[in-house]
1. Examine the stretch 152-162 for a residue that is out of contact with any Leu (no Cβ under 7 Å at 6 or more places or on another chain), assigned to a loop (DSSP other than H, G, I, E, B), within 30 Å of residue 494 (Cβ to Cβ) and of a type outside the set (Phe, Trp, Tyr), and state whether such a residue exists.
2. Are any of the residues in the stretch 328-336 out of contact with any Leu (no Cβ under 9 Å at 6 or more places or on another chain), at pLDDT 85 or above and surrounded by 10 or more Cβ atoms within 10 Å (Cβ to Cβ)?
3. Counting only residues that are under 30 Å from residue 409 (Cα atoms), out of contact with any Gly (no Cβ under 8 Å at 6 or more places or on another chain) and crowded, with 18+ Cβ neighbours inside 10 Å, how many does the stretch 344-370 have?
4. Given the criterion surrounded by 14 or more Cβ atoms within 10 Å (Cβ to Cβ), under 26 Å from the mean Cα position of the chain (by Cα) and not hydrophobic (A, V, I, L, M, F, W, C), identify the matching residue among 91, 165, 143.
5. In the list 207, 199, which residue meets the criterion of being under 24 Å from residue 123 (Cα atoms), among the small types (Gly, Ala, Ser) and surrounded by fewer than 20 Cβ atoms within 10 Å (Cβ to Cβ)?
6. Sort out for me the strands (runs of 3 or more DSSP E) sitting completely within the stretch 396-456 that have 3 or more residues that are in contact with a His (Cβ under 7 Å, 6 or more places away or on another chain) and closer than 19 Å to residue 368 by Cα.
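The values are calculated or read from the model by the stated rules, or taken from the named source; none is laboratory data. Small disclaimer: the values here were computed from a predicted structure and weren't measured. FYI the Cβ positions are ideal-geometry reconstructions off the backbone, even for glycines, and counts take in every protein chain you see.
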Amino acid sequence: MMTGAETSVGVVIRTRDRPVFVPRALASVQAQTHRNWHIVLVNDGGDRAMLDSALAPVLAPDDDDTAPLPAARLTVLHLDPGVGRAAAFNRGVAALDTDFVTCLDDDDTWAPGFMAALTAFWAETAPQVPDLGGVAARVTAMRETLVETARGVRIRGLGEDTLPRAFQRPEFFLSPLAYACYRQDLYPVQWMMARAAVADAGGFPEAFDVMEDRAFLNRFLTRWRVAILDQPLAFHHRRVERHADSARSGLLNTLDNPSYDWRRFADMARPARPCGDAGALSADALRPMAVELLTELNNETSALWNKIDGEIADLRARLARPGRAPEHAPSPDARAVAYDLWAAMDGQQIAFPIAPAHPFAGRFSLSQGFAQDGRLLFLSAPEGRLELQLPETRDWAAVEVDLADLLQGGAGLRCHLHLWSCDGYLFETALSRLSEGVHKLEDAQVHSCPPGAGVHVARSFDAAQLDPRAEPKLSVILPRQARNFRFCCTGFVVERL
């Protein structure tokens with residue numbers, strides 16, 4: 001097998017009616033520093049026009065190696081009807097003639113150095129390991145959510161998520177026994193296998209509706225070794241709503257909902273017991289017996305570990321942020337949304353000193369009538385956080401949001417404001433309108449942001465209150481005489497009534 005830049009890597013991406021994710025997965029491949037790759041995108045029974053529409057902005061008509069993606073390096077297989085997750089992967093592998101094959105789920109991504117690092121790792125390891133069949137990288141779990149906006153569904157990143165211990169073991173090789181009983185684990189996004197070895201193992205078992213990658217790896221590991229590079233180069237993305245998925249939602253498609261036959265496929269994915277002489281004690285017979293023994297031991301101890309882990313996590317959460325959990329209001333109808341802070345910021349992350357009356361984040365401003373150093377802004381759209389640091393609020397400090405250009409056709413507005421506080425505070429909201437050359441406050445209301453929790457405030461104003469000539473603003477009036485005050489906004493949406 002070739003090494004270095006000549007080594008070819010095949011990428012199988014399976015998808016079905018999830019156009020919001022596919023461009024991100026393709027961009028992840030296009031960003032690879034190793035340039036010898038080919039993608040097979042398998043549309044497993046999904047809407048063809050929907051996928052073609054998602055691909056149009058990222059495809060180039062020639063073999064130009066710069067973005068967008070050259071069409072010559074992408075093969076799209078439209079399967080109608082769909083054949084299932086396992087068979088879709090096998091169809092993708094069959095369409096490749098590369099040295100290696102990978103399985104990049106449509107909602108997962110890689111670091112730009114993923115292919116380069118793993119091909120180099122293979123070249124270094126293979127001469128010393130004759131039965132090497134694949135290599136893998138470490139993985140980082142990423143939390144995200146899907147947000148309805150006026151421009152459609154968008155992905156909002158929420159930071160890293162925790163991983164089970166099985167993904168963090170330090171061994172150089174993936175242990176067949178440890179993997180079979182979930183003591184050591186890999187996601188498909190982590191590995192890169194020799195294509196010949198994948199074919200030798202028979203690919204993904206096509207009878208499987210779920211757990212097909214585990215059944216494949218259990219069979220693969222009976223003949224081949226998989227070495228693990230100690231670098232986190234793969235990203236497994238998880239939606240925070242996944243536990244609410246009970247009907248195989250196209251967008252969530254979490255695989256951990258009860259509509260899948262987990263009991264049957266989890267047991268079928270284990271190493272199979274060999275048929276033959278019942279009295280013969282062979283290596284093939286010993287392995288499934290050992291797996292069953294270790295699985296039983298694992299079942300006995302897992303409940304205890306889960307209890308300990310849960311109690312520790314709860315204690316840490318209470319020490320870090322006492323109080324109740326943040327409140328979340330229902331999402332406004334996307335068709336009525338006039339403004340969404342995170343959609344408007346479009347993934348930006350900014351930080352700089354601020355001064356009163358100088359706009360930030362598009363339409364926000366600070367109202368405070370004195371000079372002061374140390375007033376700082378941090379905004380991260382991926383994290384969903386806008387934070388101000390004010391050394392002092394003194395007699396007056398307010399965060400104001402300009403509403404004038406959001407008015408349309410005599411409609412009123414409803415403002416949804418989400419705030420978070422570690423220490424808790426009282427604040428007011430009011431409509432600020434220009435009257436006789438001075439902005440005056442109307443319809444003030446008092447609110448409480450509890451300690452270690454969040455609060456949602458919804459303020460509605462009718463069209464009569466929102467004369468554009470009065471330069472209407474929503475004023476969030478901060479506590480007076482506060483020192484080292486932090487204002488943390490986790491969301492701001494305006495909808496038309």
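1. Our first condition is that a residue be out of contact with any Leu (no Cβ under 7 Å at 6 or more places or on another chain); within the stretch 152-162, this holds for 152, 154, 156-162.
With the extra rule that they be assigned to a loop (DSSP other than H, G, I, E, B), the set shrinks to 162.
Those left that are additionally within 30 Å of residue 494 (Cβ to Cβ): none.
No, every residue in the stretch 152-162 fails to be out of contact with any Leu (no Cβ under 7 Å at 6 or more places or on another chain), assigned to a loop (DSSP other than H, G, I, E, B), within 30 Å of residue 494 (Cβ to Cβ) and of a type outside the set (Phe, Trp, Tyr).
2. No, that holds for no residue.
3. Within the stretch 344-370, residues that are under 30 Å from residue 409 (Cα atoms), out of contact with any Gly (no Cβ under 8 Å at 6 or more places or on another chain) and crowded, with 18+ Cβ neighbours inside 10 Å number 6.
4. On the way: 91 fails: under 26 Å from the mean Cα position of the chain (by Cα); 165 fails: surrounded by 14 or more Cβ atoms within 10 Å (Cβ to Cβ).
Going through 91, 165, 143 in turn, the sole match is 143.
5. 199
6. In the stretch 396-456, 425-435 are the strands (runs of 3 or more DSSP E) which contain 3 or more residues that are in contact with a His (Cβ under 7 Å, 6 or more places away or on another chain) and closer than 19 Å to residue 368 by Cα.
For every residue, the table says whether it meets (1) closer than 18 Å to residue 358 by Cα; (2) outside the structural domain of residue 441 (by TED's automatic domain parsing); (3) buried (at least 20 other Cβ atoms within 10 Å of the Cβ); (4) without any contact (Cβ under 8 Å) to a residue 24 or more places away in the chain.
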position	(1), (2), (3), (4)
372	yes, no, no, yes
383	no, no, no, no
394	no, no, no, no
399	yes, no, yes, no
408	no, no, no, no
418	no, no, yes, no
424	no, no, no, no
427	no, no, yes, no
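Residues are listed down the side, and each one gets a yes or a no for (1) touching a helix residue (DSSP H, G or I) at 6+ places or on another chain (Cβ under 6 Å); (2) outside any strand (DSSP E or B); (3) farther than 27 Å from residue 161 by Cβ:
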position	(1), (2), (3)
50	no, yes, yes
53	no, yes, yes
87	no, yes, yes
107	no, yes, no
112	no, yes, no
123	no, yes, yes
134	no, no, no
140	no, no, no
148	yes, no, no
